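Colleague: Below is a structure I'd like to ask you about.
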Amino acid sequence: MIPPRLRRLTAGLLPALIASPALAHGLAGKDAVYVTQAAGAHPVPFLYLGAKHMVTGIDHLLFILGIIFFLYRLRHVALYVTMFSIGHSITLLAGVLMNLKVDPFLVDALIGLSVAYKALDNLGGFRTLFGVQPDNRIAVPLFGLAHGFGLATKLQALQLSPKGLVANLVSFNVGVELGQLLALAAMLGVIVLWRRTRWFGPTAVLANLLILTAGLVLIQYQLAGYFTQAGA
């Protein structure tokens, strides 16, 4: 039996997720101005911006949450999060340093797909609907590559100065990893406490349905942006 208060909270969260373009985040405002104007190496500010970018990136956090949702051993959490981190670090650094161009709308749609994929996997949807079980040891690092390109497109759009670029980019990536660790610690703490409650089972299903919905909304939102851009 799901507590009435939790049902009301879920009902309020769903439209908020559907309506929120913040699912696809970027560097904006003063942060964007600073990054655009920065010339030379500024490791500490870029480290901070990387951490901030991660902890405020709902799409990245939802995917990480989906990864760890049903992992009960710390070594499994470490394994999958490390694979994800390696994937997004590769494409973040290579995307900017090698100027690899990808359409930001399509990349963010793929990130939305990663969120939806992991939620559907947690719900047992692949076995039920298709009779197969994808190997997350392959899927997680591959989606990590997509997430890294998503980060890269945000920085490419700001046209970073070539002066100090490597130092700033590495600092930004380290900041992303630190932000991810902070978010991971918080999510793990909540999940561990949540699992001790008698209503974890039914609410876990609701939570993954919300994550699935958020992923599908992000896909739709980004594809709409892509086709609008193509038709302009």
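Colleague: Kindly indicate which of 157, 94, 167, 139 is surrounded by 13 or more Cβ atoms within 10 Å (Cβ to Cβ) and either in contact with a strand residue (DSSP E or B) (Cβ under 8 Å, 6 or more places away or on another chain) or under 18 Å from residue 211 (Cβ atoms) (or both). So that I can check it myself, show each step before the final result.
Modeller: Working: 157 fails: either in contact with a strand residue (DSSP E or B) (Cβ under 8 Å, 6 or more places away or on another chain) or under 18 Å from residue 211 (Cβ atoms) (or both); 94 fails: either in contact with a strand residue (DSSP E or B) (Cβ under 8 Å, 6 or more places away or on another chain) or under 18 Å from residue 211 (Cβ atoms) (or both); 167 fails: either in contact with a strand residue (DSSP E or B) (Cβ under 8 Å, 6 or more places away or on another chain) or under 18 Å from residue 211 (Cβ atoms) (or both).
On inspection, the qualifying residue turns out to be 139.
Colleague: Going residue by residue through region 189-204, is there one that turns out to be among the charged types (D, E, K, R) and within 14 Å of the chain's Cα centre (by Cα)? Steps first, answer last, please.
Modeller: Step one: list which residues in region 189-204 are among the charged types (D, E, K, R), which gives 195-196, 198.
Of the ones still in play, those that are also within 14 Å of the chain's Cα centre (by Cα) are none.
Scanning region 189-204, I find no residue that is among the charged types (D, E, K, R) and within 14 Å of the chain's Cα centre (by Cα), so the answer is no.
Residue-wise test of (1) among the hydrophobic types (A, V, I, L, M, F, W, C); (2) within 22 Å of the chain's Cα centre (by Cα).
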position: 32; (1), (2): yes, yes
position: 36; (1), (2): no, no
position: 44; (1), (2): yes, no
position: 54; (1), (2): yes, yes
position: 61; (1), (2): yes, yes
position: 65; (1), (2): yes, yes
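Colleague: Among the listed residues 109, 157, identify the single one that is touching a helix residue (DSSP H, G or I) at 6+ places or on another chain (Cβ under 6 Å) and of a type outside the set (Phe, Trp, Tyr). First the steps, then the outcome.
Modeller: Details: 157 fails: touching a helix residue (DSSP H, G or I) at 6+ places or on another chain (Cβ under 6 Å).
From the options 109, 157, the qualifying one is 109.
Coordinate-derived values only; no laboratory data. Predicted, not measured: the structure shown is a model, and the values here were computed from it. All Cβ positions, even for glycine, are placed from backbone atoms using ideal geometry, and neighbour counts span all protein chains on display.
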